[in-house]
Structures are given as C-alpha cells and as structure tokens.
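Okay, structure first, notes after.
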C-alpha cells in the first residue's frame, strides 16, 4: 500500500519489479489507500509533484495514474486545483421495475450499455430452469457492460430463448438497451420476478471490463424478468463494482 512504500529511486524499482506499468501501479496503490479509508470523500490528494517525487517518476506518469483513478470512479480532477477523492456510491434500486438507464438518469448521470460479446449456446440446467426451457435448448447469451458517466458499474451475462430472440445481439447493439430491445420484439412491459444477491470476486475478464484489480470484491446480482402474463423472458447474472453502488431492495 502507498503508506508502506519506500521513497526515492528504490520506490520506482519496487514498482518495476511488480511487472506492471508504472502509472497502473500508482493507481492501484492509491485505489487501495482510498478504499481502506485513508482519504475521505472529497479529500484532496497530494500534488502531482509530491506523488512524482515519492515514486521517482515524472509528472506525466502521475497524470496517467490520476486519469485511471478517474476512469475507476474514485477521483475527480479539477484543472488548476488538483485531484479529489470521489467515493460516493450510486443508489441502485431493485424492485419490480428495475431499469439501469432509468436508475442512472434519476441520479443525474448518463447511462451507457455496450455489448462486449454474444453467442448462441445450449441452455445449462440452471438457465433452462429459469427460462422454462428444456436443458440444451438454444439460448442467446449477451455480455453487457454498463456504465454511468463512462465509469463502469456492472457487467452482466443475460440469457434469452433463441427461439424468440434469435437476433437479440444485433438488436441490442443498435439500441444499447435491454428495455428497447424487448420493445422491438413487442414486449412493452416486463417485471422482476426474483433477485438473488451475493458476494464474489472478480476474475481477469471482469476485472478488465470494470477497471478493477483481479480478485477485488464484487456484488453478484442474479435475477429473472417475466412478461405481464408471467412468462419468463430473460435471466441475468450481473457483477457490480462493490465500491461504486449501493443496492437498495424495494418492497
């Protein structure tokens, strides 16, 4: 951690020995320091010159580290003033109507959904059970990254029946919204039937997409959404950056 790292050129050698780019090492160190509470929300970080001297790097490397912390949603930088800790969380409300874009917009942020990958695959026993399909039935799998003001909030794996939503990936790529994708298929309203929340840790793929270090804690949100007549539509396994959201379950 930052508070235990030696000063001077040996500091730089220590970073290089970790086999990761210098700016990322600095960003990781400050991330850990922020998350353990050394800096409160709104606190000003040390000046670039001080950080550069501490690590034995140039100021450009420090600026790249601060930019990375900004991309992780942990720091905001004000030109001419400095960098400030930003640890306030997005209130993510889970109820019968759970729509990412609406939740983010209500909090005053810009929502974004990007398709990271997709494929057709045989339904596992679990997915088939959720969707009311036979095991091995063809399903569409979507890998979606969702962000607020370009800060990654969650990655989600969503499954739909391929018999009805065969080109769901193509539609989502164009509309960038599950709600609008379902509306394309004539489903104007759908509701959350159940939600299961647990804890987990990032793997290498999710860590990269969420801009987290590997094995960082995440919130795992599994769910099933149904049509008005109760017909299962989609089942999802979402992984949320635990330090960026507060899940609120509405009754």
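The values are calculated or read from the model by the stated rules, or taken from the named source; none is laboratory data. None of the values given here were measured: they were computed from a predicted structure. In this analysis, Cβ positions are derived from the backbone assuming ideal geometry, glycine residues included, and neighbour counts consider all displayed protein chains.
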Identify, please: which residue in the stretch 177-205 is in contact (Cβ under 8 Å) with a residue 12 or more places away in the chain, within 23 Å of the chain's Cα centre (by Cα) and in a helix (DSSP H, G or I) and is, among those, surrounded by the fewest Cβ atoms within 10 Å (Cβ to Cβ)? 179
Which one of these is more than 17 Å from residue 92 (Cα to Cα) and assigned by TED's automatic domain parsing to the domain that holds residue 113: 214, 151? 214
Condition check: touching a strand residue (DSSP E or B) at 6+ places or on another chain (Cβ under 9 Å) and either closer than 17 Å to residue 213 by Cβ or part of a helix (DSSP H, G or I) (or both). Does residue 26 satisfy that? no
Going by the structure shown, is residue 87 part of a loop (DSSP other than H, G, I, E, B) and either within 17 Å of the chain's Cα centre (by Cα) or crowded, with 21+ Cβ neighbours inside 10 Å (or both)? yes
Where in the stretch 100-166 are the strands (runs of 3 or more DSSP E), entirely inside, with at least 3 residues that are farther than 24 Å from residue 217 by Cβ and touching a residue at least 40 places away in the same chain (Cβ under 8 Å)? 111-122
Here the residues within the stretch 35-62 that are modelled with pLDDT of 90 or more, surrounded by 13 or more Cβ atoms within 10 Å (Cβ to Cβ) and in contact with a strand residue (DSSP E or B) (Cβ under 6 Å, 6 or more places away or on another chain) are 45
Is it the case, given these coordinates, that residue 208 is without any contact (Cβ under 8 Å) to a residue 24 or more places away in the chain and either assigned by TED's automatic domain parsing to the domain that holds residue 183 or part of a loop (DSSP other than H, G, I, E, B) (or both)? yes
Out of (1) assigned by TED's automatic domain parsing to the domain that holds residue 241; (2) out of contact with any strand residue (DSSP E or B) (no Cβ under 8 Å at 6 or more places or on another chain); (3) exposed (fewer than 12 other Cβ atoms within 10 Å of the Cβ), the one residue 79 does not meet is (1)
Which of the residues belonging to the stretch 105-139 are within 29 Å of residue 91 (Cα to Cα) and touching a helix residue (DSSP H, G or I) at 6+ places or on another chain (Cβ under 6 Å)? 111, 115, 118
